[in-house]
Amino acid sequence: MVASDDGQHLLFYTGTDAGQITVGGELNKLANNVALGRDLAGVHWRSDAEQALLLGEAVAISILRDQRSTYSEPFNGFTFTKFDGATITV
């Protein structure tokens, strides 16, 4: 969903990547929301956001690694692009 031009309504997203939810995309949104929320709350310097994103990325990778071992069915892992541009499979 995206906001309408006047910001009063939600509209279905119809961009070129509509309907393609990825692990990397969702992790990026979560990390950005946490960093931005802390900035707006005044408990974070803007310059801290980059390091907070990298820390959040490391925590997310660790959690995914821990959870991967709990799957009982064959699983090739999660593949996504890290903030530094490197592709990782967990």
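Placing +1 on the Cβ of every Lys and Arg and -1 on the Cβ of every Asp and Glu, with no other charges, gives the chain a dipole of roughly 240 debye about its Cα centre.
Relative contact order, whole percent, for the chain stands at 21, derived from Cα pairs under 8 Å and 6 or more residues apart. Here the sum of -39500 (n - 2.57) over DSSP H runs of 4 or more residues, divided by the residues of the chain, equals -15500 deg cm²/dmol at 222 nm, to the nearest 500.
Simple rule: put +1 on each Lys or Arg Cβ and -1 on each Asp or Glu Cβ in segment 4-90, find the dipole, and look at Ala86, Gly56, Tyr71; the Cα lying farthest toward the positive end is Tyr71. The simple spin-label model puts a point 7 Å past each Cα toward its Cβ; for Thr89 and Arg65 those points are separated by 1.7 nm.
Solvent exposure of the chain, expressed per residue, is 79 Å² of accessible area, with all protein chains present and a 1.4 angstrom probe. Here are labelled values, [x] 47, 35, 23; [y] 53, 29, 17; [z] 72, 35, 15, and one is the computed Cα extents along the principal axes in Å for what I pasted. Which one? After the calculation, the listed value that fits is [x].
Just the protein heavy atoms count here, and of the accessible area of the chain at 1.4 Å, carbon and sulfur take up 55 percent.
The values are calculated or read from the model by the stated rules, or taken from the named source; none is laboratory data. Not measured: the values here are computed from a predicted model. So basically every Cβ, Gly included, is an ideal-geometry build from the backbone, and we count neighbours across all protein chains shown. These area figures cover heavy atoms from the full protein model, side chains too; ligands, DNA and RNA do not enter into them. Shrake-Rupley method; radii C 1.70, N 1.55, O 1.52, S 1.80 Å.
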